[in-house]
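Input: a single structure, listed below in structure tokens.
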Amino acid sequence: MAAAGLCPCRALLARRGGALRALCGSVRGLAAGPETHFGFQTVTEEERREKIYQVFQSVAKKYDVMNDSMTLGIHRVWKDILVHKMNPSPGTLLLDVAGGTGDIAFRFINYVRSVRERQLQRKLRHHQNLSWQEIAESYQEDKSKSLGDSQVVVCDINKEMLKVGKQKAQHLGYSEGLSWVLGNAEELPFDDDMFDVYTIAFGIRNVTRIDLALQEAYRVLKPGGRFLCLEFSQVSNPLLSRLYDLYSFQVIPVLGEVIAGDWKSYQYLVESIRRFPPQEELKAMIEDAGFFKVDYQNLNSGIVAIHSGFKL
């Protein structure tokens, strides 16, 4: 009888123990932070940041080679279109976020140099009455300022990506008007109203809090400044979408393993594209951050899209 009388007590204790464990689990979950996604996995925001950092630390040295392999080189055309859409003039101050290996920065410098060169040629044509020596002196003086006070600041959270970018810049001979800053897109290390243009190419997808990154973009832009985002997006053509999915999930991770020795990182990159907001949703998020005249341009049936907005 005594043993039988203990059973209800045990059941009550068991129920209380279960409730306590559930409560402790909830508290641990709250302490770990809000949940989000890393590809198709559910993780905390802090875990996602750490995992993404590890991804790009792992792929940094092969990042450019893999971009060429994954897109068959088309990413170069997409980036050219982005810079032509920007249409920077000499004197433009650009912030390129998540721009570690320098692709946008180098294109910006080339574009501004080309514009500056055309300006210089027009100036010389209007001075036909000058002597040869005066023309040569004027040309050399203007030529020494090939960017016309333009500057590009490359900001990236990953040290390895910045290291690769700096090495590329040195190899390709880029130094004037170019600087590299370690920084987080969600908390930029710059003053308010500093830049004429903010670009982020294939980077915002890897930001944990996109809303914070957009708010920071708005903060650091001057009034009248422009926001430009180049990112993988939602394919509009159903047949192309199926082929694209097949290529993405069956081919890209294999390329990652063969070329970079890293299947998992490229599996994440493929999955992250599928979890990224489609064009209209991202447009609404950019507008919520305060930008005006927000629109987007689909490239290759929406495989990628360029979103644009202005701080007015």
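Taking the criterion of being surrounded by 20 or more Cβ atoms within 10 Å (Cβ to Cβ), out of contact with any helix residue (DSSP H, G or I) (no Cβ under 6 Å at 6 or more places or on another chain) and part of a helix (DSSP H, G or I), the residues of the range 79-92 that qualify are Leu82, Met86. Just so you know, in the range 197-238 the residues that are among the small types (Gly, Ala, Ser) and out of contact with any Gly (no Cβ under 8 Å at 6 or more places or on another chain) include one that is surrounded by the most Cβ atoms within 10 Å (Cβ to Cβ), and it is Ala217.
Please specify each residue of the range 275-290 satisfying the condition of being open to solvent by 60 Å² or more (accessible area, probe 1.4 Å) and without any contact (Cβ under 8 Å) to a residue 12 or more places away in the chain. Don't jump to the end; show me each part of the working.
Within the range 275-290, the subset open to solvent by 60 Å² or more (accessible area, probe 1.4 Å) is 275, 280-281, 287-288.
Glu280, Glu281, listed by residue number.
Output the residues belonging to the range 239-249 that are out of contact with any helix residue (DSSP H, G or I) (no Cβ under 7 Å at 6 or more places or on another chain), open to solvent by less than 40 Å² (accessible area, probe 1.4 Å) and touching a residue at least 12 places away in the same chain (Cβ under 8 Å). Quick ask: steps written out before the conclusion?
To start, the set of residues in the range 239-249 that are out of contact with any helix residue (DSSP H, G or I) (no Cβ under 7 Å at 6 or more places or on another chain) comprises 239-247.
Next cut, open to solvent by less than 40 Å² (accessible area, probe 1.4 Å) only: 241, 244.
Matches in the range 239-249: Tyr244 only.
When His307 is tested against the conditions (1) in contact (Cβ under 8 Å) with a residue 60 or more places away in the chain; (2) of a type outside the set (Lys, Arg); (3) open to solvent by 30 Å² or more (accessible area, probe 1.4 Å); (4) closer than 26 Å to Gly102 by Cα, the lone failure is (3).
Among the residues of the range 242-288, those that are at pLDDT below 95 and polar (S, T, N, Q) comprise Ser248, Gln250, Ser265, Gln267, Ser272.
Restricting attention to the range 179-203, the residues that are touching a residue at least 40 places away in the same chain (Cβ under 8 Å), within 22 Å of Leu312 (Cα to Cα), not aromatic (Phe, Trp, Tyr) and not in a strand (DSSP E or B) total 3. If we scan the range 43-66, do we find a residue that is in a strand (DSSP E or B), more than 16 Å from the chain's Cα centre (by Cα) and of a type outside the set (Asp, Glu)? Taking every residue of the range 43-66 in turn, at least one turns out to be in a strand (DSSP E or B), more than 16 Å from the chain's Cα centre (by Cα) and of a type outside the set (Asp, Glu). When the range 260-312 is filtered for residues that are in contact with a Ser or Thr (Cβ under 6 Å, 6 or more places away or on another chain), in a helix (DSSP H, G or I) and either under 18 Å from Ser69 (Cα atoms) or hydroxyl-bearing (Ser, Thr, Tyr) (or both), the ones remaining, listed by number, are Ser265, Val270.
The values are calculated or read from the model by the stated rules, or taken from the named source; none is laboratory data. What you see is a predicted model; the values in this text were computed from it and never measured. Here the Cβ is made from the backbone with ideal geometry for all residues, glycine too, and neighbour counts use every protein chain on show. Remember, those area values only see protein heavy atoms, side chains included, never the ligands or the DNA or RNA. Shrake-Rupley method; radii C 1.70, N 1.55, O 1.52, S 1.80 Å.
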